[in-house]
Amino acid sequence: MPRESIGLVMDHFLAASPANIEGWRQIAELLAAFLLSMMIGVEREIRQKSAGLRTHTLVGVGAALFMLISKYGFNDVLRPGLVVLDPSRVAAQIVSGVGFLGAGLIFVRRDSVRGLTTAAAVWVTAAVGAACGAGLPVLAAAATFIYFIVAVAFPSLTNHLPHSSTVFSVIRVRYPEGQGILREVLQLATNRGFILSEISTESDGYRQLHAASGSDEEVAMVNVTLQVRGRSLVNDLVAALSELRGVDAVLADDVNTAAE
């Protein structure tokens, strides 16, 4: 085929290609993601979480934009029977990508896990943005409403749920020897309504700690194991113990698991 004919065919092929779609509807969907994601971010910001207003807003808007690109950004290359794209593939990639972002928000401080709720909030925000970008604003608004029920109402509900006072939990606390920390641990546990049924201590070697003089010194470490029971949440006790000055690590476990 002559070169001129090939050029004419290509020009006709390109001229017949529909343009990518972008207009007020797409802008409205992007703005819906912005507003709903911002509402979730405001709640996280008020609670002073590691991922706040800016993070949640950007995650939601970014997820919506990816969905809009997937739906409307490839019309100029689509050809029936020749080039076919599945818009849902981007939604799957959003789930994977936000999973890595959420993993970065989960961290361990003194062996206690923090940031799980924040990571879940970022994950839900991405889903809200993707729903807006997919043209499902009612589902996005419903998901946002459900999020606020979980974030605002559930903590109060959890505190009012009856907790068995006969179930034992095991708490292990590691701290430097000879600093009177055990007394503070026991006082904190009893003040929070826990009953201590068994206490055992064991040496845990030495660890270098930064002294007030500016040099590092080796300090003997102690592990104390407590069996506690009470109607209060054990997780709250673990969080409070991990904030005690001098405490190096706090671990909680079910008494049956600890015995295995």
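The values are calculated or read from the model by the stated rules, or taken from the named source; none is laboratory data. Note that the structure is a prediction, hence the values are computed from the model and not measured. Here Cβ is always computed from backbone atoms with ideal geometry, including for glycine, and neighbour counts include all displayed protein chains.
The table below gives the values:
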| read-out | value |
| --- | --- |
| Selection status of residue 34, at pLDDT below 85 and either surrounded by 14 or more Cβ atoms within 10 Å (Cβ to Cβ) or part of a helix (DSSP H, G or I) (or both) | no |
| Qualifying residue in region 67-79 (condition: of a type in the set (A, V, I, L, M) and at pLDDT below 70) | yes |
| Residue among 142, 153 that is outside any loop (DSSP other than H, G, I, E, B), surrounded by 11 or more Cβ atoms within 10 Å (Cβ to Cβ) and at pLDDT 75 or above | 142 |
| Filter pass, residue 94 being among the β-branched types (Val, Ile, Thr), at pLDDT below 85 and part of a loop (DSSP other than H, G, I, E, B) | no |
| From 28, 51, residue being buried (at least 20 other Cβ atoms within 10 Å of the Cβ), over 18 Å from residue 149 (Cβ atoms) and not β-branched (Val, Ile, Thr) | 51 |
| Boolean, residue 238 is surrounded by 13 or more Cβ atoms within 10 Å (Cβ to Cβ), touching a helix residue (DSSP H, G or I) at 6+ places or on another chain (Cβ under 8 Å) and modelled with pLDDT of 80 or more | no |
| Residues within region 41-60 that are part of a loop (DSSP other than H, G, I, E, B) and either within 11 Å of the chain's Cα centre (by Cα) or at pLDDT 85 or above (or both), tallied | 3 |
